[in-house]
Amino acid sequence: MQTVPQGGTIGILGGGQLGRMLAMAAAQLGYRCIGYAPEGDNVAAPLCADFFTNDWDDRPALAAFAQKCDVITWEFENVPVDTVKALPPGRVPCGYRALEVAQDRMAEKNFVAGLGGCPAPHAAVHSADDIVQAADRIGTPAILKTCRDGYDGKGQWRIDSARDLAGLPAPAQPCVYEGFVRFDAEFSVILARGQDGEIRFWDSPLNEHEGGILARSTLPAPGHVEAHVEAARDLARQVADALHYVGVLTLEFFATAEGPVFNEMAPRVHNSGHWSIEGAATSQFENHIRAICGLPLGDTATVGSVEMRNLIGKETQAAFSLLADPANHLHLYGKAAMRDGRKMGHVTRVTRT
């Protein structure tokens, strides 16, 4: 097991808010972070000791970045696989297989189904005829999703009835046709897996989405969610072990009358786990740092009743007023541009027991 010594350097691929919060957790353990991402609103940069602003395929820059790092991780799942392959494998404890699976929705569903999981009914789509055939077999309503690069509702189109198929053009890239799942609730399973294979789970929150974006996560989850958590954890453990994953891994599920239905996975710290910063004994960010650095994993117990709410777009304009409630914990990400649908921060309310 590789242990990063005190004062060591952690490389983070990506410059968003997840990287920012990882850098905060790393600093608490005495580590320094170096970031790497293309040009953009890289809000993680001010929290890093150094930051490489280079393209993902800039091999000399990647080599210089890796030379400065004891261990390397990522903060979002769309880091190109070839970028990770270009890094010294001994410095990337997660490897690249988890990214390879998570970046392609068809590959992800087939992988999970191969482990005995139950994804939504689906079909691969490469042409307009494929969409019609998928609708005949799976039915409507349904969602047409790009196989790659979609998140927070992006790259998705709802098909309510067969009438919506008329004149539909051929997709510009491979897609997956996914039948609607009738569900009682959405929830996530968030785990941390150490280099030695130890796995610890956080309690599963009830997740509520608005416009395809996570709006709220609450704990404890209601009974109709808790009834599915054990089976969902069994699948998540199999996924983490099969991928030889190291760090925080999240699987999202629908709670249905037939059992938990797999939605998607994220090989990284996750928005539905932000509550753990104040709401758990050890946050997802700290445990991710512990895992990749070869340290013992921390206690994941929930410390009370918790509600995490995303602050999206102009909701941040009145964010400081939330501090009038002493139970609230405010996190603003420092993003320069305030846009509709953009996550600008979050607030977590904890009632301790």
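Just a few scattered comments:
- Restricting the search to strands (runs of 3 or more DSSP E) fully inside segment 7-56 and requiring at least 2 residues that are under 22 Å from the mean Cα position of the chain (by Cα) gives 9-13, 32-37.
- Of all residues in segment 170-217, those satisfying the criterion of being of a type in the set (Ser, Thr, Tyr) and either at pLDDT 95 or above or more than 18 Å from Ile143 (Cβ to Cβ) (or both) are Ser188, Ser204, Ser217.
- For the residues Gly279, Gly304, the requirement of being among the small types (Gly, Ala, Ser) and farther than 18 Å from Leu332 by Cα singles out Gly304.
- Here Gly223 clears all of (1) touching a Pro at 6+ places or on another chain (Cβ under 7 Å); (2) free of Cβ contacts under 8 Å to residues at least 12 places away in the same chain except the condition numbered (1).
- Test result for Ala231, without any contact (Cβ under 8 Å) to a residue 60 or more places away in the chain and surrounded by fewer than 24 Cβ atoms within 10 Å (Cβ to Cβ): yes
- Residues considered: Ala128, Ala86. Of these, the only one that is at pLDDT 95 or above, surrounded by fewer than 17 Cβ atoms within 10 Å (Cβ to Cβ) and either in the same structural domain as Phe253 (by TED's automatic domain parsing) or hydrophobic (A, V, I, L, M, F, W, C) (or both) is Ala86.
- Filtered residues of segment 57-67 (kept if surrounded by 14 or more Cβ atoms within 10 Å (Cβ to Cβ) and either part of a loop (DSSP other than H, G, I, E, B) or without any contact (Cβ under 8 Å) to a residue 24 or more places away in the chain (or both)): Asp58
- Among the candidates Gly8, Gly15, the residue that is under 26 Å from Asp196 (Cα atoms) and at pLDDT 95 or above is uniquely Gly8.
The values are calculated or read from the model by the stated rules, or taken from the named source; none is laboratory data. Predicted model only: the values in this text are computed from it and were never measured. Every residue, glycine as well, gets a Cβ built from its backbone with ideal geometry; the counts of neighbours run over all protein chains shown.
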